[in-house]
Amino acid sequence: MHRRVARYTLEGVKDATVSVHPFTTEDGLGLELRRFRRADCDDVVLILHGLTSSSDMFIMPEHRNLVSFLLDAGFTDVWTSDFRMSNRFPYDTETHRYTLDDIAHWDHPAALRELREHVGDRRVHVIAHCLGSVAFSMSLFGGVVEGISSFVSNSVALTPRVPAWSRVKLTAGPPLLEYLVGASFLDPRFGDAPPLTRGWMISRAVSLFHRECDVRACHMESFMWGSGRPAMYVHDNLDPVTHERIADLLGPSGVHYFRHVRKMVAAGHVVRYDPSDPRHAGLPTDYLERAGEVTTPSLFLTGDRNHVFPGANIACYETLDRLAPGRHELAILPGYGHFDPFTGKHVHQDVFPKIVDFVKRSAA
């Protein structure tokens with residue numbers, strides 16, 4: 001296949017020194033931070049991806065990306081974290097039983113410890129997407145991390161909400177896939193598998209119900225996440241190059257994470273997956289228990305065409321505003337879905353200025 005954009009390219013960020021900073025979690029996984037630095041500054045930004053994606057969604061060369069926008073806006077020390085959900089690592093194509101508690105307890109705190117080794121006590125602002133946002137919300141409002149000057153969450157945080165069809169998939173999907181189909185993960189590249197193999201047949205079956213485009217990876221993403229045609233984004237918001245390479249940006253996903261999301265959806269807010277697990281005894285069973293005591297201001301973003309976590313961040317803002325009136329903010333993005341607030345071709349006009357404005361006010 002001819003690639004118009006190289007996979008894992010760094011070409012989207014100009015005039016910055018890029019360095020890689022490996023770190024290790026308490027449960028023994030090797031992860032990475034990437035630093036995009038033009039100069040030291042008082043306000044450092046850390047950006048977190050979601051499930052199936054990676055730091056690549058923030059450095060895309062086909063449009064003005066978030067890292068470049070932040071650098072140009074005066075935040076001249078920007079970091080991205082690739083944690084265990086990243087498609088840059090093999091972890092999601094391995095059989096595993098990871099939960100969001102693992103990420104909240106081990107990945108994000110370890111990333112911040114490594115970051116602090118390099119930036120000291122400068123102000124740190126966090127921008128997060130999807131389940132990376134949920135897990136960081138758990139770290140922050142669960143008291144595992146401190147000293148965060150502001151938090152920007154896209155799509156979902158402490159109060160996951162999903163469409164009715166997603167509830168069905170969250171309930172039936174993991175056991176059917178693992179025990180009947182024999183697949184512990186789903187991959188948007190199943191469409192490129194050899195004919196009549198398991199992945200090939202899954203992809204062809206999914207595509208029967210998706211006639212909205214001719215990109216099989218796009219169909220698989222809608223099957224994996226949300227409800228709609230497509231579910232993850234609004235087609236018209238994407239540059240054609242982005243749509244063509246969607247499997248580079250959204251990779252395979254282990255299905256066990258869905259069990260934790262299902263439990264949260266049933267509870268109406270984030271909860272520990274297994275309260276009896278001694279490894280996470282330091283985490284709260286209910287992450288909303290002390291949420292009103294956290295003084296970090298948060299901006300909750302959501303597209304008004306979000307078909308993955310519709311209304312989730314609206315509910316989160318309303319919940320936290322009752323607990324701490326006036327501390328947090330909400331921004332609804334007209335015409336946007338779940339993934340495209342970071343990857344759409346016009347986000348530098350429609351979305352990023354809202355983020356920068358909030359972070360600058362939080363730093364004042």
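List of remarks:
- Phi angles of the range 69-86 translate, via the Karplus equation with coefficients 6.51, -1.76, 1.60 and θ = phi - 60°, into HN-Hα couplings of 4, 5, 4, 5, 7, x, 8, 8, 9, 10, 10, 10, 10, 9, 9, 5, 7, 5 Hz per residue; Gly and Pro are given as x.
- Across the range 299-308, rounded Karplus estimates of 3J(HN,Hα) from the backbone phi angles (6.51 cos²θ - 1.76 cosθ + 1.60, θ = phi - 60°) give 10, 9, 9, 7, x, 7, 10, 7, 10, 9 Hz, Gly and Pro being marked x.
- Note on the chain: with a GNM built from Cα contacts shorter than 10 Å, the maximum mean-square fluctuation among Ser19, Ser184, Ser153 falls on Ser19.
- Rg ratio for the range 94-200: its Cα radius of gyration over 2.2 N^0.38 Å, N being its residue count, equals 1.39.
- nm² value of the averaged projected area, convex hull over the Cα atoms of the range 255-328: 6.0 nm²
- Across the chain, the convex hull enclosing all Cα atoms gives 126 Å³ per residue.
- Residues Val20 and Asp192, FRET efficiency given R0 of 35 Å [Cβ-Cβ distance, rounded to 0.05]: 0.75
- Qualifying aspartates and glutamates (Cα of each under 16 Å from Cα of Lys14; at least 8 residues distant if same chain): Asp56, Glu62, Asp72, Asp77
- Charge dipole (Cα centre; +1 on Lys/Arg Cβ, -1 on Asp/Glu Cβ; no other charges) of the range 215-345 amounts to roughly 320 debye.
- Given their separation in residues at 0.36 nm each and the Cα-Cα distance between them, Ala172 and Arg122 gain 13.4 nm when the chain is fully extended.
- Most mobile listed residue (Val351, Val181, Val271) in the chain, GNM with C-alpha springs under 10 Å: Val181
- FRET efficiency estimate (nearest 0.05) - Cβ-Cβ, Glu293 to Leu330, R0 25 angstrom: 0.75
- At least 30 Å along the helix axis (C-alpha) and Kyte average at least 1.6, DSSP helices within the chain: none
- For Phe23, residues with placed amide H under 5 Å, excluding near neighbours: Leu31, Glu32, Leu33
- Largest to smallest principal axis extent of the C-alpha atoms in the range 164-254, angstrom: 38, 33, 22
Read-outs throughout are calculated quantities, based only on the coordinates presented, and are distinct from any laboratory measurement. All values derive from a computational prediction rather than experimental measurement. Heads up, the Cβs are rebuilt from the backbone with ideal geometry, glycines too, and the neighbour counts pull from every protein chain shown.
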